[in-house]
1. Quote the accessible area belonging to VAL19 in square angstrom, nearest 10, computed with a 1.4 Å probe and with ligands, DNA and RNA left uncounted.
2. Between GLN74 and THR202, how high is the FRET efficiency from 1/(1 + (r/R0)^6) when r is the Cβ-Cβ distance and R₀ = 30 Å? Nearest 0.05.
3. What does the charge dipole of the chain about its Cα centre add up to, to the nearest 20 debye, if the Cβ of each Lys and Arg holds +1 and the Cβ of each Asp and Glu holds -1?
4. Restricting things to alpha carbons, find the Rg to Rh ratio for the chain using the Kirkwood radius for Rh.
5. Share of the range 126-223's accessible area from carbon and sulfur, percent, 1.4 Å?
6. What FRET efficiency do you get for ASP220 and ASP133 if R0 is 45 Å and r is their Cβ-Cβ distance, rounded to the nearest 0.05?
7. What number do you get for the range 109-171 when its Cα radius of gyration is normalised by 2.2 N^0.38 Å, N = residues?
8. Tell me which of THR123, SER73, LEU97 sits at the most positive position along the dipole axis of the range 1-159, charges placed on C-beta atoms (Lys, Arg +1; Asp, Glu -1).
Amino acid sequence: DPAHRMAMDQLPLYVEDVVSAQKDQGPGVLLGIETDYYEGCERFLRDWINTWKFDMIIGSVHYIDAWGFDNPSQRQVWASLDVTAAWRTYFGLIGRLAGTGFYDVVGHLDLPKKFGYRPPDRTLEEMAKPALDKIAGAGMGIEINTAGLRKPVGEIYPSALLLTLARERDIPVCFGSDAHSPEEVGAGFLEAAELARECGYTHYFRISRRKMRLVPLKNDLFA
């Protein structure tokens, strides 16, 4: 998926740019990366992650086998398959992602809803709980990701249902805009903070050198 991903040989330039930005005046800049989980990737990632001094590693799943389920060019596949089965496979992969111990945060937890295809809430809850249990057991957080507001689903990732289940398991949250352009940075954060409060969160986390620190979720956080 070269339109949305760095090639491996571009990563040193990215790190160099971040390190350069860290020397500038203004907001602190951290070194983070979003890294996909694929079945069979574990051996490579185990060594590769330790090569770099990341502040945060987001783990995400965008593929079920070779199907890029959130890719607009492959959207039509949703209409020809068992939606519930696809979601069940997806959450199985999320559970495996958590089990690796490689990641700090799960990105856009319910990404398969991007085009509006999803199972009933009761089924969704049943299939998500084991994955959330593994996320909690791994000491990971989840991202409240506002990119869904800009997608066909028109809704933050994850839904209030899943976020409430995460809160019941004391899974910490952070905020992400999944910006693919500068003007999208921080977009939708007021709505994200409100959703977090509605689901029972009083704190969010900040992270540096892969160590989380809980911070009160104040009413004027993104004002």
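The values are calculated or read from the model by the stated rules, or taken from the named source; none is laboratory data. All values reported here derive from a predicted model rather than from experimental measurement. Glycine also receives a Cβ, built like all others from the backbone with ideal geometry; neighbour counts cover every protein chain displayed. Each accessible area value is taken on the protein alone, full model and side chains, heavy atoms only, with ligands, DNA and RNA left out. Shrake-Rupley method; radii C 1.70, N 1.55, O 1.52, S 1.80 Å.
1. Accessible surface of VAL19 is approximately 60 Å².
2. With a Förster radius of 30 Å, E is 0.15.
3. In debye, rounded to 20, the chain gives about 460.
4. 0.94
5. Answer for the range 126-223: carbon and sulfur cover 51 percent of the accessible area.
6. 0.85
7. Normalised Rg, Cα atoms only: 1.09.
8. Of the options given, the answer is THR123.
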